[in-house]
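Note sheet for the following structure.
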Amino acid sequence: MSTKALLSRSEDFSEWYNQLVIRSELADYAPVRGCMVVRPYGWALWENMTAYLDAEFKRTGHVNAAFPTLIPLSFFEKEKEHVEGFSPQLAVVTHGGGEELEEKLVVRPTSETVIGYMYSKWINSWRDLPLLIVQWGSVMRWELRTKLFLRTAEFYWHEGHTAHATAEEATAEMRRILDIYEKFSLEEAAIPVIKGRKSDSERFPGARITTSIEAMMWDKRALQAGTSHYFGPNFAKAFDIQFLDKNNVRQYCETTSWAISSRMIGALIMVHGDDQGLVLPPRLAPIQTVIVPIFKSDAEQSAVMEVADGVFAALQAANIRVKLDDRDNVSPGFKFNDWEMRGVPVRIEIGPKDVAKGSVALARRDRPGREGKSFVPQTDLVATVGRLLDDIQSSLLQRATAYRDAHIHEPTTYEEFRKVVADDWAFVWWCGRAECEASIKEETRATTRCIPFDQPQQSGDCIYCGQPANERVYFARSY
RNA sequence: CGGGGCGUAGCUCAGUUUGGCAGAGCGCUCGGUUUGGGACCGAGAGGCCGCCAGUUCAAGUCUGGCCGCCCCGACCA
């Protein structure tokens, strides 16, 4: 615990983030470089995300399974782009049981290879398709530069791996999952996203098509919040995943994979957080409402606690995630700041005046200070809090959407473009050539984020080379 | 992997220039007074000064080596 104020968000956004993650007890640095410990409060947040996604995946016919952490190194060499993309990031196990291993093993950076290997054993007939499996777990990528939640050597995620009979079915699966990701982001995380296709240079190693949802952080940098890939027959050929179709002809499967990681926690922090600390959307917040009792004398204490206990029981019975902060070693003022830093959406203050008046003080986290404070009767408090939580949830999305839209521009000249992407996002025509993309990255540090699916029915001139372009794309600096 | 910074109490750091008893604030424990926006007083506990070697009567401080972490750039969920 600390009594010091948090660093201001505008003063040093990166340092604000680092301190906030530590002080809100979401995570801590592990003894191994680049690794993090997700603390109970952070894990509770992650669990609320996973619970929603897990239910969505099951609703759409997916099943969960677990594949091994260790994968033979040779597996990675079977798909050319895949090995080129991942070999710099592999952690390799060379010894086991005191002996040098005959075949080196990698700590999985992603599981397409080992799952492909298994799928080739399990899939024989068109009747085995589609195969829709999700793995929940962690993976390891040897990152050079790390940051808690956003990029750590080990991170937590789900990876969906599906195999289909046709390209149409596989691409439909890719899109269906991306829609789930979008819905999750909007409705649960209150983060607006742009759905689209990645450029070739940003594509997942080994994928035919990579799609993503892209979110704007408070510092206007872009964060890829989820991805869904279509592989075509690439991995099926590498791992010999074949099936006999209805005409008794052997065919390669079409596969997909997709993921959302614990990075989403970082997005939550960077989209909604303010100078007071975290601001968690009610639907994901581990604690939705905290009760802070206030009293001086013993008589006041027993009267206040009786009301506080009653409020706590009523909210809990209504399935609101509620905590009664009965710590006796810190002052109410300290608790206010403490829970604000942890992003609890609603605070209920109950003191002697409230006992006398049959009221409570309600404070909403998304509107700091007096503005967000109101005094409401104890009767119907459950309904009042429920409405308030809903209102905060939608307000957060509204605010984040307005903020994002205010920082997306459509420059028409390259000079304008350069100014825009120094801070904000640019939505511009692009000829689709990698050379233009690379030059822009070199000159501005902005990269293509995604090519939205909904394209205007026209064409234009490439923002860089001026040649005809028929797609518009978002450029931004990214995490 | 390049550039920069830093390793001293749980945390933030002073002390290193000029070698001479290991320090402060916060946090923690106990007691008391407090409590509607980060309370106060008093008494305590707490140290491999990152690691290894060297110089010296004496090293947190000087020399050499090693390790680790953070920040900034190229690669990435």
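The values are calculated or read from the model by the stated rules, or taken from the named source; none is laboratory data. On a predicted model such as this, the values are computed, not experimentally measured, just so you know. As a convention, Cβ positions derive from the backbone with ideal geometry for all residues, glycine included, and neighbour counts pool all protein chains shown. Just so you know, the surface numbers come from the protein's heavy atoms only, side chains and all, with ligands and any DNA or RNA stripped out. Shrake-Rupley method; radii C 1.70, N 1.55, O 1.52, S 1.80 Å.
Whole-percent P(r), the stretch A:275-341, all Cα pairs, 10 Å bins from 0: 19, 46, 29, 5. When the P(r) of the stretch A:408-476 is calculated, the portion above 17 Å amounts to 30% of the C-alpha pairs. Once both labels are positioned 7 Å from their Cα atoms along Cα-to-Cβ, the gap between residue A:470 and residue A:65 label points is 4.1 nm.
Please say if the stretch A:318-361 is rounded, prolate or oblate, where rounded means a/c under 1.5 for a ≥ b ≥ c the square roots of the C-alpha gyration tensor eigenvalues, and otherwise the choice is prolate for a/b larger than b/c and oblate otherwise? Note, shape of the stretch A:318-361 comes out oblate. Each part gets one Cα centre, and for the stretch A:186-216 versus the stretch A:225-297 those centres are 11 Å apart. Farthest towards the positive end of the charge dipole of chain A, among the residues A:217, A:308, A:450, is the Cα of A:308, using unit charges on the Cβ of Lys, Arg, Asp and Glu.
Pairs A:58/A:104; A:198/A:237; A:323/A:373; A:220/A:419: which exceed 25 Å Cα-Cα?
Details: A:58/A:104 35 Å; A:198/A:237 23 Å; A:323/A:373 19 Å; A:220/A:419 14 Å.
Distance filter (> 25 Å) returns A:58/A:104.
If you wrap the tightest convex hull around every Cα atom of chain A and split its volume per residue, you get 179 Å³. Dipole check for chain A: with +1 at the C-beta of Lys and Arg, -1 at the C-beta of Asp and Glu, and the Cα centre as origin, the magnitude is about 300 Debye.
Bridgeable aspartates and glutamates around residue A:121 (alpha carbons under 16 Å apart, same-chain partners fewer than 8 residues away excluded): A:112, A:240, A:254.
Under the convention that each Lys and Arg Cβ holds +1 and each Asp and Glu Cβ holds -1, the size of the dipole of the stretch A:13-169 around its Cα centre is about 320 debye. Taking amide H atoms as placed 1.01 Å from N in the peptide plane, the amide H of residue A:461 lies under 5 Å from those of A:469, each 5 or more residues away in sequence or on another chain. Ranking A:163, A:49, A:85 by how far each Cα lies toward the positive end of the dipole of the stretch A:49-180 (charges on Cβ) leaves A:49 at the top. Atom-type composition of the exposed protein surface of the stretch A:289-388 places 52 percent of the accessible area on carbon and sulfur (1.4 angstrom probe).
Does the stretch A:13-272 come out rounded, prolate or oblate, given a ≥ b ≥ c as the square roots of the eigenvalues of its C-alpha gyration tensor, rounded meaning a/c under 1.5 and, failing that, prolate meaning a/b above b/c? Because a/c hits 1.5 or more and a/b fails to exceed b/c, the stretch A:13-272 counts as oblate.
Can you work out the accessible area per residue across the stretch A:289-388, with the rest of the protein chains kept in place, probe 1.4 Å, in square angstrom?
Details: 5020 Å² over 100 residues.
Accessible area per residue, the stretch A:289-388: 50 Å².
Based on Cα contacts under 8 Å between residues 6+ apart, the stretch A:408-476 shows a relative contact order of 40 percent. What the stretch A:13-272 shows is 40 Å² of accessible area per residue, with the surface traced by a 1.4 Å probe over protein heavy atoms.
Ranking request for peptides A:18-27, A:394-403: highest mean number of other beta-carbon atoms within 10 Å first, then the rest in descending order. Don't jump to the answer; show the numbers that get you there.
Details: A:18-27: 19.6, A:394-403: 16.2.
The packing order, highest mean first, is A:18-27, A:394-403.
Residues whose amide H comes within less than 5 Å of that of residue A:93, counting only those at least five positions distant or on another chain, are A:105, A:106, A:107 (H built at 1.01 Å from N in the peptide plane).
For a test of the definition: using alpha carbon positions, the gyration tensor, and the 1.5 limit on a/c, classify the stretch A:289-388 as rounded, prolate or oblate. Rounded is the answer for the stretch A:289-388, as its axis ratio a/c remains below 1.5. Centre-to-centre, using Cα atoms only, the stretch A:1-66 and the stretch A:414-479 are separated by 32 Å.
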